[in-house]
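A quick write-up on the structure given underneath.
The values are calculated or read from the model by the stated rules, or taken from the named source; none is laboratory data. Fair warning: this is a prediction, and the values are worked out from it, not measured in the lab. Positions of Cβ are generated from backbone atoms using ideal geometry, with glycine treated the same way; all protein chains shown enter the neighbour counts. For accessibility, only protein heavy atoms count, side chains too; no ligands or nucleic acids. Shrake-Rupley method; radii C 1.70, N 1.55, O 1.52, S 1.80 Å.
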Amino acid sequence: GYGGSMSTEAYRILRTNVLFAPSGSAGTAGAISGRELVVTSAGAQEGKSVTSSNLAVTFAQQGHRTLIVDGDLRRSTLHRIFEVSRKPGLVDYLTGGFEISDVVQETKIENLFLMPAGVTPTNPTELLGSRMMNQLLDDLRESYDCLVIDTPPVLSMADAAVLGGKLDGVVLV
């Protein structure tokens, strides 16, 4: 969950480092840099979902309108962490029939919204690499200051790599 003072401070430091990381070839720091992140890990059970959740919470607590997206379409956990329904969610939107407003849920934390995974798809990597996903990211950028996308471990799935190139950066837990 989100809480404990030592870990909370660690996530604040991570948030600060991410927000002011150098961006672009010139190496200039900018406020826009680091507002869109893919969070992944090498293998399973390494704390990536807890890290992505806490990072999103710290963005929201700083006053940024933040959306955390559960892009781990095979083994989603964010709906449990934030105590909301898994469906409808990202997959339901990408496969049609749902609006963004249908698949984004408020959390108990001010400024923090969650897009859960939704139904389990047969083709997760293709969905995340689709034109529909690109359009969704463009639409979300207009509504949220920060995007955090939790993805499967990089050693087992290509999903994090597919999404990593579409956002500002990747946090490897």
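The set of residues in the stretch 38-48 that are touching a residue at least 12 places away in the same chain (Cβ under 8 Å) and either part of a loop (DSSP other than H, G, I, E, B) or surrounded by fewer than 23 Cβ atoms within 10 Å (Cβ to Cβ) (or both) comprises 41, 42, 43, 44, 46, 47. Between 59, 98, 82, the distinction of being of a type in the set (Phe, Trp, Tyr) and open to solvent by 30 Å² or more (accessible area, probe 1.4 Å) belongs to 98 only. Taken together, the criteria place residue 154 among residues that are in a loop (DSSP other than H, G, I, E, B), among the hydrophobic types (A, V, I, L, M, F, W, C), at pLDDT below 95 and surrounded by 18 or more Cβ atoms within 10 Å (Cβ to Cβ).
Per the conditions (1) modelled with pLDDT of 95 or more; (2) part of a loop (DSSP other than H, G, I, E, B), the sole criterion not satisfied by residue 114 is (2). Checked against the criterion of being touching an Asp or Glu at 6+ places or on another chain (Cβ under 6 Å) and open to solvent by less than 40 Å² (accessible area, probe 1.4 Å), the stretch 125-133 has at least one qualifying residue. Per this entry, residue 113 is counted among residues that are open to solvent by 20 Å² or more (accessible area, probe 1.4 Å) and closer than 22 Å to residue 58 by Cα.
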